[in-house]
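Colleague: So that we are looking at the same thing, I have put the structure below in structure tokens.
Any read-out appearing in this document is the output of simple, stated calculations on the displayed coordinates, not a laboratory observation. Computed from a prediction, not measured in an experiment: that's the story for all the values here. Every residue, glycine among them, receives a Cβ derived from its backbone with ideal geometry; neighbour counts consider all protein chains shown.
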Amino acid sequence: MGVLSSEPDRTREQGPEAAAEPGGNEAPLLALGGLVTLGSEDAPACSDGNCL
Amino acid sequence: MWSDIVCPWCYIGKRRLEKALAGFEHADEVELVWRSFQLDPAFPKGVREPVYDSLAKKMNATREQVREMTGQVKEVAAQEGLDYEFENAVMVNTFDAHRLTHLARERGLGGEAHERLMRAQLVEARVLDDVDTLVELAEEIGLDTGQARTVLTGDAYTAEVEDDIRTAQQLGATGVPFFVMDRAFGVSGAQPLEVFAAALEKAHTQQA
């Protein structure tokens, strides 16, 4: 297990509209190896052995 | 779905995906493939360390501080019907357990294997690098115990586990749970149920 992040306080979809927003801080479309990413960037997950 | 069996957010994400599938009109068309990921591949094989101690070292915190921090994930897990047991949980290298899941996947029991092993680690605080424990769990999953022991005492499915991890990295995953639908849509982390539901709809619409 690893670092436990907090639950996201909102849900959003990272689609073409989000990516096109000027000055927005959304992750770019196709950020994951050509995948369209869905959901909040800060959803809780485990990485590098950390889940806290 | 990529996950590590010691990952508390993976079990929560699994529950949310299952709920989304339960409400998805075309669930019978969905094939769920369980893939391996190691959160801490450098954790030495053969070493067993209480999870609280392991995290305390990683975070330069006290055991008590770690206990408090794990309180939040326990609360979220409880909302999904999962009663996490961190007090007696033991950190191990999960590579061999992942090799066992690939035997299960080959037998059409990948889902059963991930469910049983995550429950064993996160709810029951079992030690998942112990061959006898893993063989016992394999029997519960529905695997042949002789085959399971042969896999666990050898190196079968090493390439398969490594290939899963490499593929996740190529797709840009830096953590788990990590979900890819039809190699088109990515969902990273234990997202809310609604995100999984939307991803299933989108993947289906694209296929149609």
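Colleague: Within the set of other residues whose C-beta is less than 12 Å from the C-beta of residue B:139, count the net charge using Lys and Arg as +1 and Asp and Glu as -1.
Modeller: Spelling it out: positives minus negatives among the neighbours equals -3.
Colleague: Further question: Compute the distance from the alpha-carbon center of the range B:136-177 to that of the range B:67-109, in whole Å.
Modeller: 15
Colleague: Based on the alpha-carbon gyration tensor of the range B:142-208 and its eigenvalue square roots a ≥ b ≥ c, which shape applies: rounded if a/c is under 1.5, prolate if not and a/b is larger than b/c, or oblate?
Modeller: Since a/c reaches 1.5 and a/b is larger than b/c, the shape of the range B:142-208 is classed as prolate.
Colleague: A further question follows. In the range B:25-116, which GluC sites (Glu not before Pro) fall in coil by DSSP and have 15 or fewer other Cβ atoms within 10 Å?
Modeller: In loop regions of the range B:25-116 (DSSP not H, G, I, E or B), the sparsely surrounded GluC sites (Glu not before Pro) are B:25, B:31, B:85, B:87.
Colleague: Search the structure for amide H atoms under 5 Å from the amide H of residue B:35, placed 1.01 Å from N in the peptide plane, and list their residues when 5 or more places away or on another chain.
Modeller: B:2, B:3
Colleague: Here is a follow-up. Note down the net charge around residue B:149, summing +1 for each Lys or Arg and -1 for each Asp or Glu among other residues with Cβ under 11 Å from its Cβ.
Modeller: -4
Colleague: Over 10 Å intervals from 0, what percent of Cα-Cα pairs in the range B:37-129 sits in each interval?
Modeller: 16, 42, 34, 7, 0
Colleague: Further question on the same structure: Assuming R0 = 35 Å, can you tell me the calculated FRET efficiency for the pair residue B:119 and residue B:208, based on Cβ-Cβ distance, to the nearest 0.05?
Modeller: 0.45
Colleague: So who's got an amide H within less than 5 Å of the one on residue B:156, skipping anything under 5 residues away but keeping other chains? H placed 1.01 Å off N, in plane.
Modeller: Amide H to amide H, under 5 Å and 5 or more residues apart or across chains, residue B:156 pairs with nothing.
Colleague: Suppose every K and R has +1 on its Cβ and every D and E has -1 on its Cβ; what is the size of the dipole of chain B about the Cα centre, in Debye to the nearest 20?
Modeller: 520
Colleague: Karplus couplings for the range B:129-142 from phi (6.51 cos²θ - 1.76 cosθ + 1.60, θ = phi - 60°), rounded to Hz, Gly and Pro as x?
Modeller: 10, 8, 4, 4, 5, 5, 5, 4, 5, 4, 5, 5, 5, x
Colleague: Can you list residues whose amide H is under 5 Å from residue B:91's amide H, if they're 5+ apart or on another chain and H is modeled 1.01 Å from N?
Modeller: Those lying under 5 Å, H to H, from residue B:91 are B:49, B:51.
Colleague: Also, quick follow-up: Tally Lys/Arg at +1 and Asp/Glu at -1 over every other residue whose Cβ is under 12 Å from the Cβ of residue A:48; what's the total?
Modeller: For residues surrounding residue A:48, the net value is -1.
Colleague: Based on Cα positions only, what radius of gyration and what Dmax would you give for the protein assembly as shown, in angstroms?
Modeller: 18.1, 60
Colleague: Could I ask something else about it? Starting from the Cα-Cα distance between residue B:67 and residue B:145, subtract it from 0.36 nm times their residue separation and give me the gain in nm to one decimal.
Modeller: So the extension gain works out to 24.4 nm.
Colleague: Another one. Once you place label points 7 Å from the Cα toward the Cβ at residue B:32 and residue B:131, how far apart are they in nm?
Modeller: That separation, rounded to one decimal, is 3.2 nm.
Colleague: Just for chain B, what percent of DSSP beta bridges are antiparallel, to the closest 5?
Modeller: Beta bridges within chain B, antiparallel portion: roughly 80 percent.
Colleague: Any idea what diffusion coefficient the range B:2-207 gets from Stokes-Einstein, in µm²/s, Kirkwood Rh on alpha carbon pairs, 25 °C, 0.890 mPa s?
Modeller: Estimated diffusion coefficient is 139 µm²/s.
Colleague: In addition: Can you work out ³J(HN,Hα) from phi for every residue in the range B:171-177, in order, using Karplus 6.51 cos²θ - 1.76 cosθ + 1.60 and θ = phi - 60°, giving whole Hz and x for Gly and Pro?
Modeller: Running phi through 6.51 cos²θ - 1.76 cosθ + 1.60 with θ = phi - 60° gives 7, x, 6, 10, x, 9, x Hz.
Colleague: If you take every DSSP beta bridge fully contained in the protein assembly as shown, what fraction is antiparallel? Give it as a percent rounded to 5.
Modeller: 70
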